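Read through the structure below, which is laid out as structure tokens, and then see the notes.
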There are 4 protein chains.
Amino acid sequence: MSFTFDDLKKENLQPWTAYIEHDFVRQLGAGTLAPQAFRHYLKQDYLFLIQFGRAFALAAYKSPTLADLRHAKAGFDAIIDLELGLHIDYCQQWGISEQDLSELPEARATLAYTRYVLDTGNRGDLLDMHVALAPCLVGYAEVARFLIEQPTTVRGDNNPYEAWLAMYESAEFQAAAQAERAWLDERLADITPARFKQLSRIFNDATRLEIDFWEMGLNQQM
Amino acid sequence: MSFTFDDLKKENLQPWTAYIEHDFVRQLGAGTLAPQAFRHYLKQDYLFLIQFGRAFALAAYKSPTLADLRHAKAGFDAIIDLELGLHIDYCQQWGISEQDLSELPEARATLAYTRYVLDTGNRGDLLDMHVALAPCLVGYAEVARFLIEQPTTVRGDNNPYEAWLAMYESAEFQAAAQAERAWLDERLADITPARFKQLSRIFNDATRLEIDFWEMGLNQQM
Amino acid sequence: MSFTFDDLKKENLQPWTAYIEHDFVRQLGAGTLAPQAFRHYLKQDYLFLIQFGRAFALAAYKSPTLADLRHAKAGFDAIIDLELGLHIDYCQQWGISEQDLSELPEARATLAYTRYVLDTGNRGDLLDMHVALAPCLVGYAEVARFLIEQPTTVRGDNNPYEAWLAMYESAEFQAAAQAERAWLDERLADITPARFKQLSRIFNDATRLEIDFWEMGLNQQM
Amino acid sequence: MSFTFDDLKKENLQPWTAYIEHDFVRQLGAGTLAPQAFRHYLKQDYLFLIQFGRAFALAAYKSPTLADLRHAKAGFDAIIDLELGLHIDYCQQWGISEQDLSELPEARATLAYTRYVLDTGNRGDLLDMHVALAPCLVGYAEVARFLIEQPTTVRGDNNPYEAWLAMYESAEFQAAAQAERAWLDERLADITPARFKQLSRIFNDATRLEIDFWEMGLNQQM
């Protein structure tokens, strides 16, 4: 039997929609999100990125072939050598210094999602880990597309979060998400229904933990 | 320099006290906790136990000596061969069938604490993992002793949670917690201040995630 | 496409036959194996068992379901609670004390096969690890059946290795090996040719490392 | 109590000397090593490098701080982005194509040392893994210095292995090895005698497995 990434979404439509269309997302699109909520989110997103770096390092370790290892390494490089620096720059624009970032404790929602991904990777294989990463890697691209279509979304200088939006709607980010979907679809094409059920549970857990990440931002929780 | 388990508590007094003396705990001691809150907690505690089984299996794998492996295995056996069965029996007294338990999804608070423990174990050594487990293994014994001393605590048939209380105040459980403290103290005696700081961060994270587990029960969250 | 354990053997017939019909095996069956070679093998087999215990603990940690975890635990219990003790007793009959065993360094062939199994388990999933374990779990049963059919095999008091032979030809051991084959066949039934190729490489590596274990015994190498 | 890398060598002088001054090394220095032995070694060294890449990826995953993660990543980058390419080029000079390399099975000695390092890393912490890596990272620099001092060593165009020698005696490689020693010395300064004993066993195992790697080359074994 053959499955696709869309089947994972269909099986988990309620949490997936709650995640993509979350109030944090809507308020960010409308430019009405409280700046301190966004700042809290940004700071935790930095800690999140470091753990995502660890996840791609784990994927490299677990790779069965040199091609898989290079694929995981490309993600690891992008996170640690590029995105982390961009994130630090962007934080500075919001008045958050690198020193602040380095001393920050992780919020529960950050611990929860990142450690779930890492344990899922250790427990299973590369496909398990990628499914746990999908709400982040594929989901953010979908969030951007959702916002573009909303009449309430404000673009340009009138929205303090324009740079965030522009980043995730960029051709580059959308292409990366599309590549991740293609990677998943290729592997999901070969699995049994029992395996799909397992992966669907992982996708459900990961999506719920991503919702909590928005909640954590919205309510400025640690 | 020499450290002890008490130093971990002293460094993290605020979250530790918030955990030991949590409203879920107080209401349970007073017998006023909503039965559906307790039932929700019990069900998630079952899923928690399975993940704790995985943690002790991981500890066995990571053991540097046969003695360490046998020590980890004793904990693994206790969880899977004994406590899981007791838990299923106790759940049945509260109207929760084994079938219910087997189909249950994990709440976020369950995912968060258990996966944090497992990743901490994989990332570091046995001491890292035991420090992450301490809020559970040592903390529950302290919760029981805290409740015994509270004037608001109700004992006997007038408290529907008497069996829960009796279990954690039992000589057997208290001795197990004491043995865990002794194990920790032995290893903490040899560490550097930099290592203590690392372990204290783990203890802080784990304690905060245990608070969330009470919250999850109290508010019946998934 | 559907595969079976026999396909793994067919794909790797040369090393598999070299392993099952190794000179160490033949000499053991004929009772002509040098006692010091057998003693060396016995001592390393004890260290091998401890690492196999770690492998089953790892399998328990990696199990996606409670049923899988209990299955792995049954193997772990058998090794640590039963076989290790039997092995110590048997070693004593050959003049090897438990003290000797506890101080023994691991020979290269012991390090090689056991660590290969453990890394394969960490890198992949339960099926990868079981395929790496198969030359041991299934292979020893086949070794016993091979020896029974050889005209050169000597049975009873005239063969100092009778107890070893009797153990591996016992109904109990043969049934355990058969159960392992059935477990493998069930999972191999669902895999793609690309996945089979991966698993066949693991089976090939593991079989070659088992040959080295016989060689290590025969030549009393460290 | 305070230990250094030299203490690890002193405790394991016999295998360490057997490794540094191995016949493979001496013949390579004298230019008398059989070209097919060198070619066999080169091919396996390529597979070894890929596994070392996995080891540094694992170190990145296991890093307790961002600084540790960046340190591990620098090693990972050097191996995968630089050394692997240099190795492929050097192999081509010896008539070994990249296609040959990609289809090669791993020799037992390659499996043994690399999987020992990886399991040691998973089982313990970063220090355990670095001690397992030290015979390679620090040892090769010592091999080069040993050869420079030998009267039998031939330099320049009269030695077909001149490029190999020049690489490992280069200021760059010697400095990298020196940095690794300094990293180890810093951490060994803080450990207990019991921990040193544990690490010394790892160093002993790893050194013996490196000797086997030379043997594998010398005897062209799979």
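The values are calculated or read from the model by the stated rules, or taken from the named source; none is laboratory data. In this text, all values refer to a predicted model and were calculated from it rather than measured experimentally. For neighbour counting, all protein chains shown are included, and Cβ atoms are generated from backbone atoms with ideal geometry for every residue, glycine included. Surface accessibility is based on the protein's heavy atoms, side chains included, excluding ligands, DNA and RNA. Shrake-Rupley method; radii C 1.70, N 1.55, O 1.52, S 1.80 Å.
Values computed for the structure shown
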{"item": "Violating pairs (Cα-Cα greater than 20 angstrom) within the set A:LYS73/D:LYS62; B:LYS62/D:LYS197; B:LYS10/B:LYS197; A:LYS62/D:LYS62; A:LYS73/A:LYS197; C:LYS10/C:LYS197", "result": "A:LYS73/A:LYS197"}
{"item": "Region C:5-219, relative contact order [Cα under 8 Å, separation at least 6], %", "result": "38"}
{"item": "Cα-projected label distance for D:SER170 with A:ALA179, points at 7 Å along beta-carbon direction, nm", "result": "2.9"}
{"item": "Fraction of the pair-distance distribution of the protein assembly as shown above 52 Å, Cα-Cα pairs, percent", "result": "18"}
{"item": "Within the protein assembly as shown: Cβ-based charge dipole about Cα centre, in debye rounded to nearest 20 (Lys, Arg +1; Asp, Glu -1)", "result": "0"}
{"item": "For A:ASP185, inter-copy label distances in nm, listed shortest first [label point 7 Å out on the Cα-Cβ vector]", "result": "3.8, 5.7, 6.2"}
{"item": "For residues of A:64-71, the mean tally of beta carbons on other chains within 10 Å", "result": "4"}
{"item": "Whole-number accessible area per residue in Å² for region A:5-219, which is evaluated in the context of all protein chains at 1.4 Å", "result": "37"}
{"item": "Shortest-first distances to equivalent copies, position B:ASP81, nm, label 7 Å out along Cβ", "result": "0.2, 5.2, 5.2"}
{"item": "Pseudo-label separations to other copies for C:ALA166 - Cα-to-Cβ vector, 7 Å, nm", "result": "5.1, 6.8, 8.3"}
{"item": "Estimated inter-spin distance, D:TYR90 and B:GLN220, nm [label 7 Å along Cα→Cβ]", "result": "6.8"}
{"item": "Estimated FRET transfer efficiency when R0 is 35 angstrom, pair A:LEU66-C:GLN150 (beta carbons, to 0.05)", "result": "0.20"}
{"item": "Ranking by accessible area, most exposed first, for B:ARG201, D:ARG187, B:ARG108 with a 1.4 Å probe", "result": "B:ARG201, D:ARG187, B:ARG108"}
{"item": "Rounded to the nearest 20 debye, dipole of region B:5-219 from Cβ charges on Lys, Arg, Asp, Glu", "result": "520"}
{"item": "Label point 7 Å beyond Cα of B:ALA74 along Cβ direction - residues of region B:172-214 with amide nitrogen under 19 Å", "result": "B:172-188"}
{"item": "Closest approach to the axis - chain A beta-carbon, rotation onto C, Å", "result": "A:ASP125, 2"}
{"item": "Interface burial for B against A (accessible surface, 1.4 Å probe, total of both chains, Å², rounded to 100)", "result": "2000"}
{"item": "Expected-Rg normalisation [2.2 N^0.38 Å, Cα atoms] applied to region A:133-215", "result": "1.30"}
{"item": "For region B:13-19, Karplus couplings with θ = phi - 60° (6.51, -1.76, 1.60), whole Hz, Gly/Pro x", "result": "5, 4, x, 4, 5, 4, 6"}
{"item": "Sulfur and carbon atoms: percent of accessible area, the protein assembly as shown [1.4 Å]", "result": "53"}
{"item": "Three semi-axes of the equivalent ellipsoid, region D:35-157, Cα gyration tensor, whole Å, largest first", "result": "27, 19, 14"}
{"item": "Neighbourhood charge, 13 Å Cβ-Cβ cut-off, centred on D:GLU98 and excluding it, Lys, Arg +1 and Asp, Glu -1", "result": "-2"}
{"item": "Separation of alpha-carbon centers, region A:91-158 and region A:2-66, rounded to whole Å", "result": "4"}
{"item": "Stokes-Einstein D in µm²/s, Kirkwood radius over Cα pairs - region B:5-219 at 20 °C with 1.002 mPa s viscosity", "result": "121"}
{"item": "Compactness of region A:87-143 as Cα Rg over 2.2 N^0.38 Å, two decimals", "result": "1.43"}
{"item": "Solvent accessible area, Å² - D:SER102, 1.4 Å probe, full protein context", "result": "80"}
{"item": "Options C:THR192, C:ILE80, C:VAL25, ranked by Cα towards positive dipole end of chain C, top entry (Cβ charges)", "result": "C:THR192"}
